[in-house]
Amino acid sequence: QAQLVESGGGLVQPGGSLRLSCVASGSIFNLYLMTWHRQAPGKQREFLAGITTNGNTNYRDSVKGRFTISRDNAKNTVYLQMNSLKPEDTAVYYCYSRIGRTDYWGQGTQVTVSV
């Protein structure tokens, strides 16, 4: 069964960096838009960044210039490079794709930005 698995979260100080990875279980995901989202405690899940099959990207305004989404289709993997992290970036981060009528979410990876 197709699935997405995130990794790379952790505790980082303000101003630090992390790189999240999302590994897809099948190469079919290489044919589709892949996106990253996050959900902070008590808040709705929000879109962060997306990348098309040919590498076009778009970002939420609050992360532009700090976060970079990329993909390596040979590894069935999407990345989110996060720099200049702030305490307000603390959340569970998810990757997502939609294939046909089916939504695929990873299990999430926790990112905590704190001194």
Within the range 14-52, the count of residues that are over 20 Å from SER114 (Cβ atoms), in a strand (DSSP E or B) and among the aliphatic types (A, V, I, L, M) comes to 5
Of the residues in the range 1-13 that are assigned to a strand (DSSP E or B) and open to solvent by 30 Å² or more (accessible area, probe 1.4 Å), the one that is farthest from THR90 (Cα to Cα) is VAL5
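Residues checked against (1) more than 17 Å from ALA2 (Cβ to Cβ); (2) open to solvent by 80 Å² or more (accessible area, probe 1.4 Å):
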| position | (1), (2) |
| --- | --- |
| GLY15 | yes, no |
| SER27 | no, no |
| THR35 | no, no |
| PHE47 | yes, no |
| LYS64 | yes, yes |
| TYR79 | yes, no |
| MET82 | yes, no |
| TYR94 | no, no |
The number of residues in the range 67-77 that are under 13 Å from the mean Cα position of the chain (by Cα), over 10 Å from CYS22 (Cα atoms) and open to solvent by less than 60 Å² (accessible area, probe 1.4 Å) is 3
One residue is enough: does the range 36-44 have a residue meeting the conditions basic (Lys, Arg), on the phi < 0 side of the Ramachandran plot and over 15 Å from the mean Cα position of the chain (by Cα)? yes
For the range 49-62 the number of residues that are of a type in the set (S, T, N, Q) and either open to solvent by 70 Å² or more (accessible area, probe 1.4 Å) or in contact with a Pro (Cβ under 9 Å, 6 or more places away or on another chain) (or both) is 3
Some residue of the range 53-65 being under 21 Å from GLN13 (Cα atoms) and in a loop (DSSP other than H, G, I, E, B)
yes
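The values are calculated or read from the model by the stated rules, or taken from the named source; none is laboratory data. Given the structure is predicted, the values throughout are model-derived calculations rather than measurements. Note: ideal-geometry Cβ built from the backbone for every residue, glycine included; neighbour counts use all protein chains shown. Each accessible area value is taken on the protein alone, full model and side chains, heavy atoms only, with ligands, DNA and RNA left out. Shrake-Rupley method; radii C 1.70, N 1.55, O 1.52, S 1.80 Å.
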